[in-house]
Amino acid sequence: MIEPGKPVQDINITNQTNIEEIFEMMAKSGGFESRNLADGFEILSSMISDKSCLRFLSFVAAITSTGIRGIIKDMIQKKWFDVVITTCGALDHDIARHFSNYKEGSFTMDDSQLADQNIHRLGNVLVPMESYGPLIEEKVQGILEEVYAQGKKEMSTADITYEIGKRLGEDSFLYWAYKNNVTVIVPGIMDGAVGSQVWMFSQKHRDFKLNMTADADTISGLVFKAQKSGALMLGGGISKHHTLWWNQYRDGLDYAVYITTAQEFDGSLSGALVREAISWGKVTQGARQTTIHAEITTTLPFLYRALLSKIKQ
């Protein structure tokens with residue numbers, strides 16, 4: 001026999017209600033996705049405050065083309081996470097937006113006209129060509145030449161992100177990862193502008209090597225020693241899976257929060273709920289976990305603000 005839970009409570013908000021109280025009310029509202037959001041808030045509060053936990057942040061590149069880059073940067077600056085797993089585009093956007101600007105656009109703009117004007121469209125964000133490819137080529141080639149001249153002829157993606165962050169500024173998430181000794185690993189680094197520049201550099205310097213197994217050494221050294229582990233996963237794809245994959249070697253994540261708009265009916269990794277990973281040993285059976293079905297740029301600012309109220313630093 002299934003026992004019903006507690007009575008559903010109405011949400012009552014006044015002009016004195018703070019955001020943490022709203023999340024507490026959502027947890028008791030029986031309100032569809034708001035319950036998952038409230039659960040995610042509680043899980044992340046515990047995970048970030050748990051000093052025995054190795055904390056992962058994974059995210060897809062596209063969100064760093066938006067203002068969400070500022071929240072990613074702030075969370076790393078506050079040392080909420082120990083390891084970042086992301087895609088190459090996140091490096092591209094971090095470099096491009098540090099040295100230049102993207103522009104507001106819309107989903108309905110004429111892409112042929114944009115192409116004629118040398119403007120790329122990423123959803124409703126416009127990326128001028130001069131702010132992207134040529135700029136990234138100049139900056140990355142300069143960094144690699146400098147490091148190579150110092151005698152470094154083999155680099156992991158963690159090495160590359162460290163060297164990039166070292167040369168950016170306080171608006172950059174890579175800078176704060178470098179500053180706070182947060183490891184940034186990019187398992188699919190060849191799928192983007194920075195990765196292409198690494199390849200082009202290797203064509204000119206045949207003794208220069210990209211060592212992906214060194215990243216495996218780095219992440220395994222962290223995971224194998226972790227008493228507990230947890231992750232906030234923003235979007236799916238390789239960044240989400242790499243986080244889950246490596247945590248199976250310590251019997252899975254103890255905390256897991258996933259925000260996605262993908263659906264699970266097509267069997268994709270991006271659509272897979274966190275609880276599916278339990279069957280693979282990538283999330284522990286007793287883990288505190290939830291999947292929030294929501295768009296990241298809409299949801300994360302409110303979640304982050306609530307966490308700021310809850311977490312005492």
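The values are calculated or read from the model by the stated rules, or taken from the named source; none is laboratory data. This one's a predicted model, so the numbers in the text were calculated from it and none came from an experiment. Cβ placement follows ideal geometry from the backbone for every residue including glycine, while neighbour counts extend to all protein chains displayed.
So in the stretch 154-168, with the set limited to residues that are touching a residue at least 24 places away in the same chain (Cβ under 8 Å) and farther than 18 Å from ASP215 by Cα, which one is surrounded by the fewest Cβ atoms within 10 Å (Cβ to Cβ)? In this case the residue turns out to be ARG167. Among residues belonging to the stretch 1-55 that are in contact (Cβ under 8 Å) with a residue 60 or more places away in the chain and in a loop (DSSP other than H, G, I, E, B), point out the one that is surrounded by the fewest Cβ atoms within 10 Å (Cβ to Cβ). Checked the stretch 1-55; the qualifying residue surrounded by the fewest Cβ atoms within 10 Å (Cβ to Cβ) is SER52. Assess whether GLY165 counts as being assigned to a helix (DSSP H, G or I) and closer than 16 Å to PHE99 by Cα. So GLY165 passes the test.
Applying the criterion of at least 2 residues that are in contact (Cβ under 8 Å) with a residue 60 or more places away in the chain and surrounded by 18 or more Cβ atoms within 10 Å (Cβ to Cβ) to the helices (runs of 4 or more DSSP H) found wholly in the stretch 85-153 leaves 88-99, 133-149.
When the stretch 300-309 is limited to residues that are crowded, with 18+ Cβ neighbours inside 10 Å and over 14 Å from the mean Cα position of the chain (by Cα), the one that is nearest to ASN18 (Cα to Cα) turns out to be ALA306. Of the residues that make up the stretch 241-260, is at least one acidic (Asp, Glu) and at pLDDT below 95? Yes, there is a match, as at least one residue in the stretch 241-260 is acidic (Asp, Glu) and at pLDDT below 95. Would it be correct to say that LEU300 is assigned to a strand (DSSP E or B) and in contact with a strand residue (DSSP E or B) (Cβ under 8 Å, 6 or more places away or on another chain)? So LEU300 does not fit the description; no.
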